[in-house]
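The values are calculated or read from the model by the stated rules, or taken from the named source; none is laboratory data. Note that the structure is predicted; figures quoted are calculated from it, not measured. Backbone-built Cβ (ideal geometry, glycine too); neighbour counts: all protein chains shown. Surface accessibility is based on the protein's heavy atoms, side chains included, excluding ligands, DNA and RNA. Shrake-Rupley method; radii C 1.70, N 1.55, O 1.52, S 1.80 Å.
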Amino acid sequence: MIEPALIKSAQAGDREALVALLREIENHVYRTAYYLLNHEQDAMDAAQEALIRIYTKINTYEEKAQFRTWVQKIVTNICIDKFRRKRPSVSIDEHELVFESRDNVETEVLTAYAAEEIREAIGKLPEHHRSVVVLRYLQDFSYNEIADSLDLPLNTVKSYLFRARQQLQTLLHDYQKGGVRG
């Protein structure tokens, strides 16, 4: 939770408060960008662009909305713009698995595969479904906060989430059966 006093200080021109505020939200911003764009470099670019926009537009924030909703709106809009300019692609980069202990290797491998399957499935969703899924399940936004962040009616958010869950269930069908795609 961001302290309102920190936001006020940043808006008043306190440079240290502004830097502290940006540091406080940078992981949130990156995580949202990553799940929306499904590509590390694009997510880093979008997060950086969002943080710069927040830095330059901090004075436009009004307390009518929650600060995190305002931030999510900025990062989501930047990601949607990037998504429209360049359709997302599935990364084929190799990721190293680092195991904490030899006793749980099988569990850790299965968990890593499950996480990758879910990430890929979310990446295959249409952008409007992906946005609501990321905000709801990864950023823990309420339906009302999602509606505010994306400028959507509440019933549209609920409908998008319903359809996205159906699509994810279909996309993850192979994994649910215990199979690993090859």
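Descriptive notes on the structure:
- Where GLN72 falls short, out of the listed (1) modelled with pLDDT of 85 or more; (2) open to solvent by less than 40 Å² (accessible area, probe 1.4 Å); (3) farther than 15 Å from PHE141 by Cα: (3)
- The residues of the range 50-68 that are touching a residue at least 12 places away in the same chain (Cβ under 8 Å) and either aromatic (Phe, Trp, Tyr) or within 15 Å of TYR30 (Cα to Cα) (or both), listed by number, are ALA50, LEU51, ARG53, ILE54, TYR55, TYR61, PHE67, ARG68.
- Taken together, LEU135, LEU161, LEU125, LEU154 contain a single residue that is at pLDDT 70 or above and closer than 20 Å to HIS28 by Cα, which is LEU135.
- Within the range 11-26, the presence of at least one residue that is surrounded by 19 or more Cβ atoms within 10 Å (Cβ to Cβ) and either assigned to a loop (DSSP other than H, G, I, E, B) or under 13 Å from the mean Cα position of the chain (by Cα) (or both) is confirmed.
- ARG85 buried (at least 18 other Cβ atoms within 10 Å of the Cβ), at pLDDT 55 or above and among the basic types (Lys, Arg): no
- Qualifying residues in the range 139-151 (those that are open to solvent by 60 Å² or more (accessible area, probe 1.4 Å) and modelled with pLDDT under 90) - the one nearest to TYR61 (Cα to Cα): ASP148
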